[in-house]
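Shown next, in structure tokens, is the structure this report addresses.
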Amino acid sequence: EDSVPIPQPPPSLFLGNIGDIDPTNMPESFWRLAETYGDIFRLQIAGRNLIICSSYETVKDTFDWSRFEKPIMGTLVELRAMVGDGLFTARTDEKNWAIAHRVLMPVFGPIGIRKMFDNMMDIISQMVLRWDRLGPENEIMCSDDFTRLAFDVIGFCAFGHRFNNFYKDGTHPFIKQMTEVLIESGKRSNRTALENRMRIFSAQRNMENIKAMHDVCDQIIEDRIKHPQPDSTDLLNPLLYGKDPETGETMSRENVRYNMCTFLVAGHETTSGTLGFLFYHLLKNPRTYLRAMQEVDEVVGEGPLTVNHLPKLVYIKFAIYEALRFMGPIAVNTKHALKPTLIAGKYYVEPTDHILLNLKPFMHDPKVWGPDADEYKPERHLNGGFESLPPNAFKPFGDGPRACIGRTFAEQEMIMAVAVILQNFQVEMADPSYNLWIQPTLTIKPGAFSIKVRRRPGRD
Ligand code: HEM
């Protein structure tokens, strides 16, 4: 078959395309290059062949799981020291991925997550009380408090454990340890094996961090075994005692610990970053803030938020979706071809190519989203707009068997948090002249974005 060459910025003789990217901010480099090179382009970096897909046509083609799959490589391989064969870092053909996937899919479903409403509200209330007591002049760094929120919600709703980050000036050591491991894993994946062996001190620090996190999880497990809670709505009972419907096996103790760490890693930066982006957009576009607040006033009023209100908070849900479309916490998804194939019927790729899905330009493709794709407009999803999208156009949660297992959990938590915040406070930017910049780690979030909150009149 005829293939069309994949464009590549002119490489330098020995360094390839390293000069075309900022290694400390890959997402922004990919967005910038997509403006010049469009649909798809190639970069040669450190001996690797990267294929970056940036349009609807090229990206959606890689969602064909008979030709492409999620590769476990680079940082993900390094992360396995911490999260092993947990769901996020396991290969799809690993036995423990399949067991955990089958055991946990139903408990992460809508019925299981609705049962977590009260426990989610417990943590959200802690945040709101703290904000209220610190008063209207206090600057709230979004990344700090939304991280506390997301982390404590997972701890409490998934493991019945209180990390109590809203009762501390700093945060639980787990968060720092995890961040260090994420950063070190990224670095390790860019070093040679020899170099990694020579960095004795960073390797030791990495192992110490990992051990400390594993100890926290093991402690929670032991506590549950000693003090059973048969009526609990959290995930610890299914993790420990749930039987795989296919093999009848339970998850191994080690795999349970890996998955506990996995949920804390996969669930806290993503949720926290999304809430940060969301408030940035709502405050930059006051019309959308007002509409979200009106929805809370109409649906919930001044009384307590209940689980029955949640499906009626549609504008808020779509405001969150629109934030995820605009620029979600996961900037790139990775794929690789199972056999040599043509992307979108014309671009030839080999299994050794690293395919990166450039999610921002993909979800701004004017062919799908129209000429106003670069505007933040939650209403574009209302009145059936969302249902009428072409297939696979909205993919901030990954796709296929390896899509996000925590999506319903995250959506419920975010809708609840936004509703309670808007019900009780008037939110404003701490610095009205703030301009969005991106802070990349494993995920991206708005850099140094802070807000102030004032109790709404009559809300006490
Ligand atoms: C996987 C996004 C919240 C647990 C993923 C993937 C994406 C994603 C894009 C696929 C990654 C890949 O292909 O390599 C998000 C976003 C979230 C969120 C945008 C919030 C706004 C959560 C939460 C949890 C969670 C709260 C857990 C409580 C996981 C797990 C996987 C995953 C375990 C791996 C699933 C597998 O491969 O079997 N997530 N996530 N996520 N997410 Fe999330």
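The values are calculated or read from the model by the stated rules, or taken from the named source; none is laboratory data. Quick caveat: nothing in here was measured; it's all calculated off a predicted structure. In this analysis, Cβ positions are derived from the backbone assuming ideal geometry, glycine residues included, and neighbour counts consider all displayed protein chains.
The table for this structure:
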read-out	value
Residues of the range 401-452 that turn out to be at pLDDT 95 or above, polar (S, T, N, Q) and touching an Asp or Glu at 6+ places or on another chain (Cβ under 9 Å), as a count	3
Residue among Leu43, Leu33, Leu50, Leu15 that alone is surrounded by 19 or more Cβ atoms within 10 Å (Cβ to Cβ) and out of contact with any helix residue (DSSP H, G or I) (no Cβ under 7 Å at 6 or more places or on another chain)	Leu50
Any chance Asp132 is closer than 26 Å to Pro230 by Cβ, of a type outside the set (A, V, I, L, M) and either modelled with pLDDT of 95 or more or touching a helix residue (DSSP H, G or I) at 6+ places or on another chain (Cβ under 9 Å) (or both)	no
Helices (runs of 4 or more DSSP H) wholly inside the range 35-138 that include at least 2 residues being over 23 Å from Asn358 (Cβ atoms) and within 14 Å of the ligand (Cβ to nearest atom)	75-83, 95-107, 110-114, 117-134
Failed item in (1) touching a helix residue (DSSP H, G or I) at 6+ places or on another chain (Cβ under 7 Å); (2) under 26 Å from Val128 (Cα atoms); (3) crowded, with 20+ Cβ neighbours inside 10 Å, with Thr171 passing the rest	(3)
Restricting the range 230-242 to residues that are out of contact with any Lys or Arg (no Cβ under 8 Å at 6 or more places or on another chain) and closer than 12 Å to His161 by Cα, the residue that is surrounded by the fewest Cβ atoms within 10 Å (Cβ to Cβ)	Ser232
Answer residue from the range 306-346, given it is away from the ligand (no atom under 16 Å from the Cβ) and of a type in the set (Ser, Thr, Tyr) and is surrounded by the most Cβ atoms within 10 Å (Cβ to Cβ) among those	Tyr315
Inter-residue pairs, beta-carbon under 8 Å, first more than 10 Å from Phe151 (Cβ to Cβ) and in the range 249-269, second among the acidic types (Asp, Glu) and outside any loop (DSSP other than H, G, I, E, B), 6+ apart	Arg257/Asp218
Conditions (1) in a loop (DSSP other than H, G, I, E, B); (2) away from the ligand (no atom under 14 Å from the Cβ); (3) within 27 Å of Gln229 (Cα to Cα): number failed by His161	(2)
Residue among Ala212, Ala203, Ala266 that is buried (at least 20 other Cβ atoms within 10 Å of the Cβ) and among the small types (Gly, Ala, Ser)	Ala266
Filter pass, Ala373 being modelled with pLDDT of 95 or more, small (Gly, Ala, Ser) and either part of a loop (DSSP other than H, G, I, E, B) or more than 26 Å from Glu295 (Cβ to Cβ) (or both)	yes
Some residue of the range 99-113 being of a type in the set (Gly, Ala, Ser), under 18 Å from Ile421 (Cβ atoms) and modelled with pLDDT of 95 or more	no
Failed condition for Ile355, given (1) touching a strand residue (DSSP E or B) at 6+ places or on another chain (Cβ under 6 Å); (2) of a type in the set (Val, Ile, Thr); (3) more than 13 Å from the ligand (Cβ to nearest atom)	(3)
Residues that are closer than 13 Å to Ser3 by Cβ and of a type in the set (Lys, Arg), drawn from the range 337-364	Lys346
